[in-house]
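Q: First the structure, which I've put down as C-alpha cells, then a few questions once you've had a look.
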Amino acid sequence: MKTFDDIEVRRPALAKSYLALIDAQPGRPLAMFAPRRVGKTHFLDHDLAPAARRAKWLPVYADLWLQKSAPLAAINHALEEALDEVNVPAGALGRLAKTPVKKLGALGASLDLGDAPSRRPLPAAPELRLDTLVVRLAEAAGRPVLLMLDEIQALGDVPDGERIIASLRAVLHKRRDILKSVFTGSSQEAMVRMLSTAGSPMYQFAQLLDFPVLGDDYLQALADHFATVHARKSLKLPDLQRVFARIGHKPGLMRDLVKALSAEGQTDVDAGVKRFLQDGRQVAGWSALLQPLDLFERALLLVIAQGLPPMGRDTLDRLAQAQGGRPTVAKVRAAIERLRRAGLLARGGNGSTAIDDPLFAEYLQGRTLEQLRAP
Ligand SMILES: Nc1ncnc2c1ncn2[C@@H]1O[C@H](COP(=O)(O)OP(=O)(O)O)[C@@H](O)[C@H]1O
Ligand SMILES: [Mg+2]
C-alpha cells in the first residue's frame, strides 16, 4: 500500500538539462546550490544518476560532508569501488562487454582515452591516484565518468582543501574528454569562496546554479494521499504552498508535517506547524544544535532570528547582556563566521545574515535569552 513515505517527485527533465549543460562545457563542472534538506542528494541519486546512465555515462557519487577528514581519499575510494564494480560485475553474465573501447560517443562528446598506465599499481599520492583512477575507470567502463561530489563546500573546512580543489580542477581539465562533474553545496558563500581559491574566479571554474525547490506536484501528491486516507477531509493547496515556503521548501519536513496532520485527522496546516514547533522531538533537535554553542553565540542567533542587523547598535547592546559588556564588532564577526561554518547561519535573500533553517528561526523567535542559557 502506498504511504506518505512513498510519495516522490521525479525530475527527469531537470536532470536532462543539467547533463546537457555539463556536456556543453567540457572540463567545467556544474555546481548546484540549495540549502540543506531541499533535495539535492535525492536528486543526484534518483534523477541525475539514472539520466546519466541512460546517456551512457558512468555516475560515481561521493559525499564529502560525511568524509570530511579525508575528502580526496573519499573521492578515490568511490572511484575504486566503481572500478571494482565494472571489472567484477555483480551479475552472473556481467553487465558490460569486456572488449576494450577506444573511442565512444556520448551526447556528442567523444571518448578519447588518456595515457595513464593501466596495469601498474595505482599511485599512492592521492592526486595522481585520482587522475589514474579516472582514466582506468573510463577505459574499463567504456564510457565517460560523471563524478558527483555532494556537499563540496566541506572542502573549505579541511586544511589541504585548497590543494584538493586545485588537483580536482587540474584533473577535470586534463581529462575533460572522459570526466564530467557535478558539485552540490548547501552554503552558497562557502562554495563560492572555495571554488574561487583555485587561482581564478569561481565562475571560470564551475557554473553555479540555484537548484530549484520542489513545486506544487509534490504538495498535490501529499494532498491527494491525504484525501485517500480521510474520506471527507482535504488539505488545501494554497495552505500547503504557504507552509512549504515557511519551512524552507524542505520536502522531508513537509511530509512529516502532513503525516502528523493525517495522524490527528486535522486539516489546518498552519496550526500543524505550530504544534510541530512545540513537539518534543523537534525541540530536542534544536536544543542539540544550541548545546555546543556558548552563550554569546546563542544570543547572537537569537538577535539574528529576531531580524536585527548583527552589527547594529541595538544588537551590540543586547549582546552586552549575554556577556556583561559590549562586544567588539570583531568578536561578533568571528562568531558569525563560526556559526556559518556550523551551517546554522546563511546569507538571506538580500545578502543579509539569516538563520539557515526557517523553522529553527521560528523556534528561536519564541525564546528569550534566559531560556537559551539552558536550552
Ligand atoms: N523529489 C523528491 N520527492 C520526494 N521527497 C524528496 C524529494 N527530494 C527530497 N525529498 C525528501 O527530502 C529529504 C531531504 O532530501 P535530501 O536530498 O537529503 O536533501 P539535501 O541533500 O538537499 O540536504 C529526503 O530524505 C527525502 O525524504
Ligand atoms: Mg544532501
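Q: Hey, can you tell me all the residues within the stretch 340-371 that are under 20 Å from residue 311 (Cα atoms) and not in a loop (DSSP other than H, G, I, E, B)?
A: 340, 341, 345, 346, 347, 353, 354, 355, 361, 364, 365, 369, listed by residue number.
Q: So, in the stretch 30-55, how many residues would count as being part of a loop (DSSP other than H, G, I, E, B), modelled with pLDDT of 95 or more and in contact with a strand residue (DSSP E or B) (Cβ under 7 Å, 6 or more places away or on another chain)?
A: Counting residues in the stretch 30-55 that are part of a loop (DSSP other than H, G, I, E, B), modelled with pLDDT of 95 or more and in contact with a strand residue (DSSP E or B) (Cβ under 7 Å, 6 or more places away or on another chain) gives 1.
Q: Please indicate, with yes or no, whether at least one residue in the stretch 287-307 is within 30 Å of residue 230 (Cα to Cα), surrounded by 12 or more Cβ atoms within 10 Å (Cβ to Cβ) and among the β-branched types (Val, Ile, Thr).
A: no
Q: Here's something else I'd like to know. Within the stretch 36-51, take every residue that is within 7 Å of ligand 1 (Cβ to nearest atom) and either among the hydroxyl-bearing types (Ser, Thr, Tyr) or surrounded by fewer than 20 Cβ atoms within 10 Å (Cβ to Cβ) (or both) and give me the one that is farthest from residue 212 (Cα to Cα).
A: Out of the qualifying residues, it is 46.
Q: Now a separate question. Please state which one of 23, 63, 45 is under 20 Å from residue 141 (Cβ atoms) and within 13 Å of ligand 2 (Cβ to nearest atom).
A: That would be 45, the only listed residue that is under 20 Å from residue 141 (Cβ atoms) and within 13 Å of ligand 2 (Cβ to nearest atom).
Q: Okay, moving on. Quick one: which residue in 176, 120 is over 18 Å from residue 53 (Cβ atoms), away from ligand 2 (no atom under 16 Å from the Cβ), assigned to a loop (DSSP other than H, G, I, E, B) and at pLDDT 95 or above?
A: 176
Q: Can you run down the residue pairs with Cβ atoms below 9 Å, 6 or more apart or on separate chains, where the first is in the stretch 300-315 and touching a residue at least 40 places away in the same chain (Cβ under 8 Å) and assigned by TED's automatic domain parsing to the domain that holds residue 289 and the partner is surrounded by 17 or more Cβ atoms within 10 Å (Cβ to Cβ) and aromatic (Phe, Trp, Tyr)?
A: 301/360; 305/360; 305/363
The values are calculated or read from the model by the stated rules, or taken from the named source; none is laboratory data. Worth saying up front: this structure is predicted, and the values here are computed from it rather than measured. Positions of Cβ are generated from backbone atoms using ideal geometry, with glycine treated the same way; all protein chains shown enter the neighbour counts.
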